[in-house]
1. Would you work out if the stretch 1-40 is rounded, prolate or oblate? Take a ≥ b ≥ c from the square roots of the eigenvalues of the alpha-carbon gyration tensor; rounded if a/c is under 1.5, else prolate when a/b is larger than b/c, oblate otherwise.
2. For Arg40 and Ser88, what is the calculated FRET efficiency with R₀ set at 25 Å and r taken between the beta-carbons, to the nearest 0.05?
3. When we measure straight from the Cα of Lys24, which lysines land under 16 angstrom away, once same-chain ones fewer than 8 places off are left out?
4. Under a cut-off of 18 Å between alpha-carbon atoms, report the lysines in cross-link reach of Lys81, not counting same-chain residues fewer than 8 places apart.
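FYI, it's all coordinate maths here, none of it is from the lab. Just so it is clear, the structure is predicted and the values come from calculations on it, not from any experiment. When we count neighbours, we look across all protein chains shown, and the Cβ atoms used for this are built from the backbone with ideal geometry, even at glycine.
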Amino acid sequence: MNLGRAIKLCRNQKNLKQHELASKAGLSVSYLSMLEQNKRDPSLSTVKGLAVALGVPFSGFMFLAADKDEVSGLDPDLAEKLAFTALSFLHEENGEQQALL
């Protein structure tokens, strides 16, 4: 599980600076930076708060954080659809999800 990668990916795709996301999630910038570098293990409530602040469903956020070996048992077509769905949440505009396919 690479939560740091998922946080940074989502933050960059949403065009948020670290201080903006930290403020939205109620975290310090230094703590958020350490999370992005995988130097800290956040609590479940912190991860949920980050997903809310990023406007990404928790399950989609966790899928983006999963390492390849953690999803290797999924059917490749299903994994591709899940990845597409998870990434589509990063491209929402005004809180409305863009149509999938």
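1. Numbers: a/c = 2.20, a/b = 1.13, b/c = 1.95.
Judged from the Cα gyration tensor, the stretch 1-40 comes out oblate (a/c at least 1.5, b/c at or above a/b).
2. Efficiency, rounded to the nearest 0.05: 0.30.
3. Reachable lysines: Lys8, Lys14, Lys48.
4. Excluding near neighbours in sequence, the set is Lys68.
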